[in-house]
Amino acid sequence: TYIGSIVASVNPYKSIPGLYDCAAVEQYSKHHMGEMAPHIFAVANECYRCLWKRHDNQCILISGESGAGKTESTKLILKFLSAMSQHSLELSCREKTSCVEQAILES
């Protein structure tokens with residue numbers, strides 16, 4: 001569930017098909033946090049959006065007891081950010097200017 005910009009999650013200790021696949025990445029990348037069911041990809045997407053649109057530094061704090069799924073959560077966030085970065089790179093290659101270059105040029 002969401003608590004403001006925080007997502008509280010529980011490790012189900014089993015695989016749930018479709019919960020973290022490419023379709024979920026695509027789906028959450030198109031919505032703002034709170035528009036869909038709570039998900040770690042929604043938090044990662046909000047950070048990614050703030051990083052590029054507002055040029056604000058971002059930090060994600062992952063906390064929990066031993067075995068709660070902190071390492072897996074970190075992997076999922078990195079998976080989402082990697083997919084979003086790859087998408088941005090593909091778009092910038094089409095436009096002949098990278099997002100980083102464009103941000104530097106706008107400064």
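The values are calculated or read from the model by the stated rules, or taken from the named source; none is laboratory data. In this text, all values refer to a predicted model and were calculated from it rather than measured experimentally. Positions of Cβ are backbone-derived with ideal geometry, glycine not excepted, and every protein chain shown enters the neighbour counts. When the accessible area is computed, the model is the full protein with side chains, heavy atoms only, and any ligands, DNA or RNA have been set aside. Shrake-Rupley method; radii C 1.70, N 1.55, O 1.52, S 1.80 Å.
Assorted remarks:
- Most tightly packed first, judged by the mean number of other beta-carbon atoms within 10 Å of their residues, the peptides 53-63, 76-86 read 76-86, 53-63.
- With the charge dipole of the stretch 1-80 set up from +1 on Lys and Arg Cβ and -1 on Asp and Glu Cβ about the Cα centre, the Cα lying farthest toward the positive end among the listed residues W52, Y2, G64 is that of W52.
- T74 sits with roughly 60 Å² accessible to a 1.4 Å probe, with DNA, RNA and ligands left out of the calculation.
- In Å², nearest 10: area of K14 left accessible to a 1.4 Å probe: 140 Å²
- Across the protein chains, with a 1.4 Å probe defining accessible surface, the residues E46, E65 rank E65, E46 from largest area downward.
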